[in-house]
Structures are given as structure tokens and as C-alpha cells.
Amino acid sequence: MSGMPEPSIDEVFEGCKQVLEKNKKDSFTIPAEGLYPHQWLWDSCFIAIGLAEYDLPRAKKELQSLLRGQWSNGMLPHMIFAKGDSHKRDRDIWQSWRSPYAPDKLSTSGFTQPPMLAEAIVRIGEKMKIRDRRSWYQDMYPALLAYHQWLYSERDPHKEGLILLIHPWESGLDNSPPWIDQLHLQEKPWWVKLVEKTNIDKVVMFFRRDTLHVPPGQRISNIDALLYFHIIQRLKRKNWDIDKILSRSHFSFQDLTFNCILVRANQHMIDIAKTIGHELPEDLKENFKKTEDSLETLWDGFYKQYYSRAFITHKLVKEGSIASLMPLYAGSISKERALELVKTLKSSKQFGTEYPVPSVPVSSSWYKEFGYWQGPTWINTNWLIADGLDRYGFKEEADNIRSKSIKAVTKHGPYEYFSAKSGEPAGAKNFSWSAALIINMIANQKSGSKK
Ligand code: SER
């Protein structure tokens with residue numbers, strides 16, 4: 001971009017709108033052309049939050065379109081596959097039709113992603129007059145209720161209040177260090193060992209879509225990609241049946257980010273139910289309370305941080321990652337603990353970089369400047385953390401995160417992620433949730449400055 005004048009804030013806003021226009025497919029928005037040709041769950045929620053700033057009907061459609069994929073047991077799958085012959089291979093890998101709960105007319109993945117739906121519903125609702133809001137909430141409520149009920153009935157088998165995940169992709173932070181650390185503790189299947197030993201893992205590259213579009217150094221390793229694929233095969237062989245999956249001590253994780261997003265989603269659900277005069281089921285309300293209480297069991301007094309927990313060993317996985325800051329978004333932790341997290345956010349050894357917030361603390365041995373979820377700054381996690389900081393009254397810190405996010409996108413466009421040190425872009429170009437959330441940040445900056 002050298003020599004080119006920087007675009008104005010209005011031009012950045014327009015440019016982000018154009019990205020969402022380009023990525024529009026019938027009723028939904030793909031995350032990025034080529035690399036991500038399907039509909040993703042939490043992507044669509046972030047996208048709807050941006051769309052709500054200028055096109056409410058399309059924002060509503062984005063979320064309604066997600067409900068096409070809902071399983072009859074309430075699960076919202078993390079991906080809904082695009083139709084057409086060119087995507088047959090993706091659909092065949094998952095074979096969602098093996099589950100009796102999967103929808104008949106389309107193919108989906110077999111597991112979920114962070115429960116951002118309630119937040120997106122509310123962000124859209126806030127833009128409406130009360131009568132329209134009520135009818136919007138009424139339309140979305142049954143699916144949302146079924147989803148949260150499914151989370152507790154299937155993914156909290158010991159009634160601990162914390163949801164367990166069965167694949168790293170469910171966390172949204174696909175290959176974040178705590179997950180990879182746990183993955184590497186598992187016995188590798190013989191065929192992955194063979195690939196590793198014979199050094200033929202480069203062949204895997206031919207089967208990967210991501211490395212066709214993004215330099216391999218910015219993505220997960222071939223061996224880890226094979227291990228992820230292996231987990232999908234295991235889950236598929238159990239026909240996506242959670243009882244069968246868990247009966248074999250399957251790799252499972254009480255993920256911090258997911259559960260923090262759930263705490264916030266539950267708070268939103270209470271408001272949604274109240275707005276439309278619905279009484280939430282008693283057992284669900286008890287579960288909501290339990291989740292907030294149980295989040296505190298993930299606190300480590302020595303490191304003064306929250307961590308995810310391995311479900312089977314019940315041990316905290318003490319690897320630093322951006323998940324540690326997500327309790328700010330949950331909003332249920334005490335102000336004292338929030339202050340401890342803000343200290344790590346600002347520490348130059350951890351998350352206090354020029355373009356915050358890195359997905360892994362800079363002092364961590366895992367840190368890679370451009371490594372997928374292992375170092376770079378992402379706009380969606382920035383949005384979540386800034387939102388939490390606002391609610392705890394850390395306005396300056398929240399504004400700093402938002403203005404640096406806008407700065408990176410102003411310089412380079414809405415890429416998938418950015419170096420936390422220099423702001424250099426990486427990953428997919430024209431990435432929808434970066435565009436959408438920057439639209440939201442700019443719109444709020446403008447409305448804030450008018451006040
Ligand atoms: N990799 C993506 C996701 O997990 C698509 O943006 O949501």
C-alpha cells in the first residue's frame with residue numbers, strides 16, 4: 001500500500017460492506033472465497049452483528065439461514081455444506097446423514113461451535129422498535145432454547161455446568177495451544193505415525209484446501225491436520241452419537257472460550273425470554289447458574305488466570321492463550337478478577353503488543369507471529385474482549401483494542417488475522433467476520449462520538 005493515501009474511516013466502512021456483498025451466497029455469507037465456501041456457525045453470528053448496522057433484513061436472514069442446519073435434537077452444527085458436485089468430498093467426509101437427528105435436505109458437520117447465536121439475535125433486536133423486536137425474538141426463541149437445552153443435555157454428562165467439546169474445531173480457536181497440547185498427549189493412530197516417520201506428510205498438502213489459499217507456515221501442521229481428520233473419522237464411526245462417543249473415553253475438553261461465550265449467551269437468553277414473556281424451564285435456569293459458578297473452578301490462584309480443563313483427568317490445562325481473557329466477555333467474574341486479567345492484557349510480556357490482542361502471549365514458547373490461532377491478532381476475539389472490558393468499565397483499554405483493530409484493517413483490508421506486533425496481515429483476504437465486526441466498531445465509534 002506504500003505511496004497510496006490511507007482510506008478515510010467512511011471508505012473503510014464502505015470497503016467492508018463490499019466484502020460482505022462479495023461473499024454473499026443466496027441466504028447466507030461465506031467467510032471467504034475459495035478457502036471457506038460453506039456456512040459456518042459463529043462466523044454467521046459475527047457477520048449478522050455487522051450487517052445489523054446497515055441491513056437488518058439481511059442480518060435476520062443470515063441467522064435464519066443457520067437454523068436450516070439445526071438437528072432435531074437441538075444441535076446447531078458448526079458448518080452447513082454448500083450444495084453442488086464440487087463440494088461432494090466435504091459432505092462425504094462428515095456424512096451427517098448417519099445421525100437420525102441430522103436434517104434430511106442438507107448436509108452439515110457433526111458438531112457445534114461457540115454459542116454466539118443469542119448475542120447476534122440481541123444485537124439485531126436492539127436495532128428494532130419493541131414490537132418488531134418481540135416478534136423477532138419470538139421467531140428465534142424456539143431454536144435458541146432447543147440449542148441451549150441440547151448443550152446441557154448432551155455435553156454436560158456429569159452435570160457440572162460446564163460444556164465439554166469433542167473436537168478442537170468446536171472451540172472456534174481451532175489449534176490454540178491448550179488444544180494442541182492435549183492432542184499431542186493422545187496416542188497417535190498407526191497410520192499417522194507412519195506418515196510422520198516416512199516424512200510423506202507433504203503429500204497431505206494436496207488434499208488440503210487451506211494451504212492452496214494461504215502459505216502453509218500460516219496454517220496448522222500437516223500432522224496435526226491428520227490428527228484432526230482422524231478424530232472426525234472416529235466420531236463419524238459412532239454415527240455422531242454422544243453416548244457412544246463418550247463411552248470410549250474420547251478426547252474431550254471443558255473449553256474456556258466456549259463456556260465464557262455460553263455464560264453471556266445465557267444472560268441474553270434470560271433477557272430474550274423476559275421480553276417475550278416466556279418462563280425459562282427451571283432446570284435450564286439452574287444450569288445457567290451452575291455454569292457461572294463452575295467457571296470459577298477454572299481459576300488458578302497461582303498464575304491468576306482461568307484455564308480450560310481436560311474432561312477425563314479433570315486437570316486444568318495451563319497453557320497460555322487468548323482464552324484466558326474470555327471471562328471478561330462472560331461478565332460473571334468479580335471486578336477484582338477482571339482487574340487481574342486486565343493486568344495480563346496490558347503486560348508487554350503477555351498480551352500488551354502494538355496491535356493487541358495476540359491469540360497467544362508473546363512470551364509463550366508456542367507464539368508464532370503468523371501462525372493460525374497461535375499468535376496473531378483476530379478481529380472477533382478483539383470484539384469479544386473489548387465488549388467485556390466495556391461492561392467492566394475499562395473503557396480506555398476497550399477503545400485501544402478497537403482503534404488498533406480499525407487501524408490494521410485501514411492499512412491492509414479485512415484479512416483473517418494480523419501480526420500482533422506489526423499489524424501485517426495474514427490468512428484469508430476479504431474475510432467476512434473481520435469486515436462485519438469492523439463495521440460494528442466504526443458504527444459504534446461514530447455513535448459514541450455524537451453523544
Ligand atoms: N475457520 C473458520 C471457523 O472456524 C471459518 O472462518 O469459523
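Just so it is clear, none of the values below were taken in a lab; they were calculated from the coordinates. Remember, predicted model here, so these are calculated numbers, not experimental data. Virtual Cβ from ideal backbone geometry, glycine too; neighbours counted across all protein chains shown.
Note on Arg89 and His158: the model spin-label points, each 7 Å out from Cα along the C-beta direction, lie 4.1 nm apart. Label-to-label distance for Lys193 and Gln138 is 6.1 nm, based on points extended 7 Å past Cα in the beta-carbon direction.
Based only on Cα atoms, what Rg/Rh ratio does the range 324-451 have, Rh being taken as Kirkwood's radius? Show your work: numbers first, answer last.
Details: Rg = 13.9 Å, Rh = 14.5 Å.
With Rh from the inverse mean 1/r over Cα pairs, Rg/Rh is 0.96.
Spacing of the modelled spin labels on Lys346 and Lys236, each 7 Å from Cα toward Cβ, amounts to 5.0 nm. For the range 203-359, the Kirkwood estimate of hydrodynamic radius, built from reciprocal distances between every pair of different alpha carbons, is 18.7 Å.
Can you tally the net charge around Ile270? Count Lys and Arg as +1, Asp and Glu as -1, for every other residue whose Cβ sits under 15 Å from the Cβ of Ile270. Net charge in that neighbourhood comes out at -2.
Expressed as a fraction of 2.2 N^0.38 Å, the value expected for a compact globular protein of N residues, the C-alpha radius of gyration of the range 9-449 is 0.92. Only aspartates and glutamates eight or more places from Lys17 in sequence, or on another chain, were considered; those with a Cα closer than 16 Å are Glu33, Asp43, Glu53, Asp55, Glu62, Glu416. The alpha-carbon atoms of the range 101-164 define a convex hull whose volume equals 119 cubic angstrom per residue.
As an exercise, identify the trypsin sites (Lys or Arg not before Pro) in the range 1-102 lying in DSSP coil whose Cβ has no more than 16 other Cβ atoms within 10 Å.
Details: sites: Lys17, Lys22, Lys24, Lys25, Arg58, Lys60, Lys61, Arg68, Lys83, Lys88, Arg89, Arg91, Arg98; in loops: Arg68, Lys83.
Qualifying residues, ordered by number: Arg68, Lys83.
Annotation for the range 286-381: trypsin sites (Lys or Arg not before Pro) lying in DSSP loop with at most 11 further Cβ atoms inside 10 Å of their Cβ are Lys315, Lys349.
Across the range 336-344, coupling constants 3J(HN,Hα) worked out from phi with the 6.51/-1.76/1.60 Karplus curve, θ = phi - 60°, read 4, 5, 4, 5, 4, 5, 5, 4, 5 Hz, and Gly and Pro carry x.
Just to confirm a number: summing +1 for Lys and Arg and -1 for Asp and Glu over residues other than Ile379 whose beta-carbon lies under 13 angstrom from that of Ile379, what do you get?
Working: positive: Arg402, Lys404, Lys407; negative: Asp43, Asp387, Glu416.
Its environment carries a net charge of 0.
Note on the range 79-216: Rg/Rh from C-alpha atoms, Kirkwood Rh, equals 1.04.
Amide H contacts of Tyr306: Asp300, each under 5 Å away and 5 or more positions distant or on a separate chain (H built 1.01 Å from N in the peptide plane; Pro and chain starts excluded).
Candidate cross-link partners of Lys188 among the aspartates and glutamates, defined by an alpha-carbon separation under 18 Å and a same-chain spacing of 8 or more, comprise Glu196, Asp201, Asp224.
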